[in-house]
Number of protein chains: 2
Amino acid sequence: MKIHPMWHEYPTLAPELSSALTLIEKQITTNNTPVAEAILEMINGGGKLLRPAYCLLFSRFQDTDREKMIALAAAIETLHTATLIHDDIIDKSPTRRNQVTIQKQFGPDTAVYAGDYLFVVCFKLLAHYASSLRSIQQDSGSMEKILKGELDQMATRYQTDITIDDYLKQVSGKTGQLFALSCFVGAYESGSSTNFAKTAEKIGMDIGIAFQLLDDILDYTSSGDTLGKPVCEDVRSGVYSAPLILAMQRDRQAFLPLLAKKEQITDAEMDKLRELVIQHEGVKQAYAMARQHTDQAIAGLKKLPAGSARDDLIRLTGSLLMRKA
Amino acid sequence: MKIHPMWHEYPTLAPELSSALTLIEKQITTNNTPVAEAILEMINGGGKLLRPAYCLLFSRFQDTDREKMIALAAAIETLHTATLIHDDIIDKSPTRRNQVTIQKQFGPDTAVYAGDYLFVVCFKLLAHYASSLRSIQQDSGSMEKILKGELDQMATRYQTDITIDDYLKQVSGKTGQLFALSCFVGAYESGSSTNFAKTAEKIGMDIGIAFQLLDDILDYTSSGDTLGKPVCEDVRSGVYSAPLILAMQRDRQAFLPLLAKKEQITDAEMDKLRELVIQHEGVKQAYAMARQHTDQAIAGLKKLPAGSARDDLIRLTGSLLMRKA
């Protein structure tokens with residue numbers, strides 16, 4: 001299975017990520033051929049595979065059954081893909097990873113069931129490969145927080161008085177939680193102590209928050225072609241992220257007329273908004289926050305037992321601040 | 001918590017069903033107040049609670065922790081409610097149980113996450129109350145079959161050459177599987193043998209198929225007010241059920257012009273279609289099938305150990321053939 005070229009710099013990890021994708025592919029056994037193909041296309045569509053990568057890296061502090069860890073990493077990527085498919089319905093996204101989304105190609109109906117189906121595949125993989133009810137409990141608790149994060153975000157759509165604390169709370173609940181879960185599962189299921197797994201979880205939270213901040217920054221600094229999806233779709237659908245929130249702290253009035261257009265905002269007005277955000281140092285401040293969370297994660301990683309697992313984790317986490325897409 | 005009046009005839013069961021609803025209510029802790037209220041309204045909206053009832057009845061062959069069994073029954077009702085919320089998106093249903101659906105009241109977006117949230121609550125309850133990974137594996141396997149049933153059904157929409165075997169396969173995968181799971185979980189988690197649990201599962205499958213046949217029959221014989229939802233919505237959205245399929249076996253040509261209208265079929269044409277189905281004995285034949293599956297289930301139940309659990313199971317299963325809504 002083809003994986004993102006970035007993983008060639010991590011030669012132990014690359015074949016395991018590829019095996020995880022192959023395993024997911026094997027699980028997709030619906031007779032509904034168009035849906036199966038759409039799901040597979042999405043899974044093989046060049047996603048970054050960061051969550052399974054962190055799961056696998058955190059499992060390398062122990063000498064453990066690799067097949068099991070690959071299956072759990074696959075479960076995590078499946079969960080992530082399920083949430084993306086449903087997010088695309090909510091955001092009415094036409095493209096993701098430079099591909100037409102399932103909701104656009106087959107309609108929201110199919111996308112609802114395709115996402116549900118992947119949730120169940122994730123659940124099935126966890127049930128078959130997790131070592132205890134304890135870790136399934138942890139998974140379900142994290143998944144609950146992720147969904148509550150989504151629902152909270154939905155409740156604050158188009159609220160121009162959203163604060164950076166609200167944003168951080170939502171981001172912790174969503175992206176942060178899934179990265180935290182990935183790191184926890186990798187550590188815990190490979191046989192590390194609960195204490196070590198809790199440390200991994202905490203580090204994962206910082207990595208996830210930094211990752212989401214960068215994602216939200218790229219929405220203001222990249223082109224749609226580079227991102228593989230339209231830029232600033234979030235603003236149009238009323239989801240205001242760190243760069244905009246931080247810029248508005250400098251001059252709220254400058255933004256209100258544009259935001260009042262809600263989903264009717266034109267492309268030209270959106271360009272204007274992006275410029276304003278940069279002018280008011282929204283991107284700069286958000287980047288400082290991303291750096292702070294990355295530094296905190298790396299400080300945590302440096303305290304872990306020395307070895308190639310720790311080295312790869314530090315290198316990967318540092319490189320995420322540099323990404324362009 | 002208020003439950004359907006039918007349960008007053010089952011005095012041991014009624015308070016446990018009520019406790020299951022209370023437990024679900026406690027799990028709904030999202031800050032998104034409109035969504036929380038919509039979910040609670042749906043859960044307290046007078047659903048029949050048949051699936052948790054079968055779970056609880058099958059657990060009564062053993063002297064077991066009632067709190068645990070109530071929680072597992074709650075998990076099953078939560079899963080059922082999640083699938084209903086997502087089904088309503090697909091079918092664009094305006095009402096269910098005489099209430100406005102979540103998708104109609106808050107839009108499909110909210111309904112996607114509300115359903116996802118309930119899937120996770122179900123998962124969480126299972127993870128905390130199931131006694132082993134084995135039963136979680138069974139649950140995830142059943143859930144997978146249910147989703148595959150949905151996807152299969154979707155792939156055969158508007159196909160006028162659908163056979164009764166196709167229908168039965170879909171119904172086994174969907175309703176059949178969830179009833180089978182309810183019975184299995186009740187038996188297995190209460191400490192009955194795997195053999196007994198497998199028997200319960202098989203009986204549950206027949207009960208579920210009979211239940212779905214009756215549901216589909218009522219679509220042709222009831223008024224929308226009695227059903228709490230519009231009649232024959234399934235036909236409009238291209239899902240052809242037993243009465244129609246069996247009637248078409250008698251005279252295919254009579255139906256094709258009406259079905260060719262697809263979602264544009266008028267209310268008057270729908271009335272005509274319902275009459276034709278009854279004239280061609282579609283309802284009569286479907287009822288005979290429902291009776292056959294019920295008889296098979298009751299024959300299985302009669303072989304179980306004598307006692308009040310068996311008596312209640314037989315009485316409940318027989319009564320379902322008589323229902324009017």
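Remarks
- Counted residues, segment A:142-154 - those being open to solvent by 20 Å² or more (accessible area, probe 1.4 Å), at pLDDT 85 or above and within 8 Å of chain B (Cβ to nearest Cβ): 1
- Residue check, B:Tyr158 within 9 Å of chain A (Cβ to nearest Cβ) and in contact (Cβ under 8 Å) with a residue 24 or more places away in the chain: no
- Qualifying residue in segment B:44-55 (condition: modelled with pLDDT of 90 or more and among the polar types (S, T, N, Q)): no
- Check on A:Val100, away from every other protein chain (no Cβ under 14 Å), of a type in the set (A, V, I, L, M) and over 22 Å from A:Met205 (Cβ atoms): yes
- Hits in segment A:126-141 (condition: more than 8 Å from chain B (Cβ to nearest Cβ) and open to solvent by 20 Å² or more (accessible area, probe 1.4 Å)): A:Tyr129, A:Ser131, A:Arg134, A:Gln138
- Candidates B:Ser182, B:Ser140, B:Ser135, filtered to the one that is in contact (Cβ under 8 Å) with a residue 24 or more places away in the chain, within 19 Å of the chain's Cα centre (by Cα) and within 30 Å of A:Ser131 (Cβ to Cβ): B:Ser182
- Residue match in segment B:113-125 (condition: in contact with a Ser or Thr (Cβ under 7 Å, 6 or more places away or on another chain), among the β-branched types (Val, Ile, Thr) and within 8 Å of another protein chain (Cβ to nearest Cβ)): yes
- Within segment A:111-135, the set of residues being closer than 19 Å to A:Tyr188 by Cβ and at pLDDT 90 or above comprises A:Cys122, A:Phe123, A:Leu125, A:Leu126, A:Ala127, A:His128, A:Tyr129, A:Ala130.
- Verdict on A:Ala260 being hydrophobic (A, V, I, L, M, F, W, C) and either without any contact (Cβ under 8 Å) to a residue 12 or more places away in the chain or farther than 29 Å from B:Gly107 by Cα (or both): yes
- Residues of segment A:276-303 classified as buried (at least 19 other Cβ atoms within 10 Å of the Cβ) and either outside any helix (DSSP H, G or I) or under 17 Å from the mean Cα position of the chain (by Cα) (or both), total: 5
- Among (1) aromatic (Phe, Trp, Tyr); (2) surrounded by 20 or more Cβ atoms within 10 Å (Cβ to Cβ); (3) under 27 Å from A:Ala260 (Cα atoms), the one test that A:Tyr158 misses: (2)
The values are calculated or read from the model by the stated rules, or taken from the named source; none is laboratory data. Since this is a predicted model, take the numbers as computed values, not measurements. We place every Cβ from the backbone using ideal geometry, glycine too, and count neighbours over all the protein chains shown. We work out accessible area using only protein heavy atoms, side chains counted, and drop any ligands, DNA or RNA first. Shrake-Rupley method; radii C 1.70, N 1.55, O 1.52, S 1.80 Å.
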